[in-house]
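Only one structure is covered here, and it is reproduced in the block below.
Just so it is clear, none of the values below were taken in a lab; they were calculated from the coordinates. Note that the structure is a prediction, hence the values are computed from the model and not measured. In this analysis, Cβ positions are derived from the backbone assuming ideal geometry, glycine residues included, and neighbour counts consider all displayed protein chains.
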Amino acid sequence: MTHADQPPELPGDTCTHYGVARCLLSTNRSLLPTAHVVVFHHRELQTRRAHLPLAQRPRGQPWVWASMESPSHTHGLHRLRGIFNWVLSYRSDSDIFVPYGRLEPRSGPAPPLPPKSHLAAWVVSNFQERQQRAQVYWQLARHLRVDVFGRASGRPLCSDCLVPTVARYHFYLSFENSQHRDYITEKFWRNALWAGTVPVVLGPPRATYEAFVPPDAFVHVDDFSSTRELAEFLSSMNESRYRGFFAWREQLRVRLLTDWRERFCTICARYPYLPRGQVYEDLEGWFQA
């Protein structure tokens, strides 16, 4: 398998490290005529920093469209009609489904929860008033103190500081920048669950989250008739009830799936089961649905 127009600095690599045998990733474009699969990352196609080598494409060679962005931040799909055979994304109905994270069985006892000294935190870099998360935040902040970090707040956190910072909080606002099918990002998996705090989620419906984690592992904004009611629930939490949010940690652990090499290696793992002859004639219609 070769990979074209990849995120920067992705080296060619075998996939044995990720438990996938007989799979080679390569960014060597001269291998295009003989590659079993070619994968394109949409960000480069969207910004037109890369192009599709349609004239050099061997007949019958499967091409994969890859993106982990939401439809709200994905543009130019109308130019990609009738080109791609398979899709790699966070959508559970993708041909190659790669979520941002998942729960796996734990071996050994769970580590202790980080000590808590504050109530609620939010880290946001791209704050736009038109986003639903901004509107919910302003409403919630009328009734509850929320410590805000990130570039948008003027309190940026270094990459290694985010998790230790939010781990001191009881709750973390895992507010997605847009609400779409299955769009549950690192804001939920890393910033909250992995950090050892309870996510307060704004994203897809509760049932979508419950497909991936136990129903008592998070708080959903939709569970409340108002932000005042949500604020009262969070601020009145007793220790016993709070500990109940972490019952899953006794048997399960968070596995973060953020390495693009691992994501691409998943194509090889799925390769024997992928539909041959399939073409996305309306990729935009499928993804924007």
**Request:** Round to the nearest 10 and give me the degree value, 0 to 90, for the angle of helix 260-270's Cα axis relative to the longest principal axis of the chain.
**Result:** 60 degrees
**Message:** If the elastic network links every pair of Cα atoms under 10 Å, which of Thr266, Thr27, Thr47 fluctuates the most in the Gaussian network model of the chain?
**Reply:** Thr47
**Request:** Quick one: which residues, 5 or more positions from Gly101 or on another chain, have an amide H under 5 Å from its amide H? H modelled 1.01 Å from N in the peptide plane, none for Pro or chain starts.
**Result:** Leu257
**Item:** Relative contact order (%) - criterion: Cα under 8 Å, at least six apart; region: region 144-245
**Value:** 22 percent
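For region 211-289, which trypsin sites (Lys or Arg not before Pro) are in a loop by DSSP, counting at most 12 other Cβ atoms within 10 Å? Please report the intermediate quantities before stating the final value.
Working: sites: Arg228, Arg241, Arg243, Arg249, Arg253, Arg255, Arg261, Arg263, Arg270, Arg276; in loops: Arg276.
Answer by residue number: Arg276.
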**Request:** Report the relative contact order of the chain, percent, no decimals, based on alpha-carbon pairs under 8 angstrom and at least 6 residues apart.
**Result:** 22 percent
**Prompt:** Among Gln56, Gln131, Gln139, whose mean-square fluctuation peaks in a Gaussian network model of the chain (Cα, cutoff 10 Å)?
**Reply:** Gln56
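With 10 angstrom as the radius, rank Met237, Met68 by how many other C-beta atoms surround their C-beta, starting from the fewest.
In order of increasing Cβ crowding within 10 Å: Met237, Met68.
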**Request:** Just name one of Pro156, Gln139, Ser174: the one whose Cα is farthest towards the positive end of the charge dipole of the chain (beta-carbon charges, Lys/Arg +1, Asp/Glu -1).
**Result:** Pro156
**Request:** For the chain, compute Rh as the Kirkwood radius over C-alpha pairs and then the Stokes-Einstein diffusion coefficient at 37 °C and 0.692 mPa s; write the answer in µm²/s, rounded to an integer.
**Result:** 158 µm²/s
**Complete:** If the chain between Glu210 and Asp259 were fully extended at 0.36 nm per residue, the gain over the current Cα-Cα distance would be 15.2 nm
**Item:** Cα centre as origin, Lys/Arg/Asp/Glu Cβ charges: region 103-256 dipole, Debye
**Value:** 320 debye
**Item:** trypsin sites (Lys or Arg not before Pro) restricted to region 18-97 and DSSP loop, no more than 13 other C-beta within 10 Å
**Value:** Arg22, Arg48, Arg49, Arg59
**Asked** Just in region 248-286: which GluC sites (Glu not before Pro) are loop by DSSP and have at most 12 other Cβ atoms within 10 Å?
**Response** Glu281
**Cα gyration tensor category, rounded, prolate or oblate, for region 103-256 with a/c compared to 1.5** = rounded
**Fill in**
Relative to the chain, whose Cα atoms define the longest principal axis, helix 132-141 and its Cα axis are tilted in degrees, nearest 10, by 10 degrees
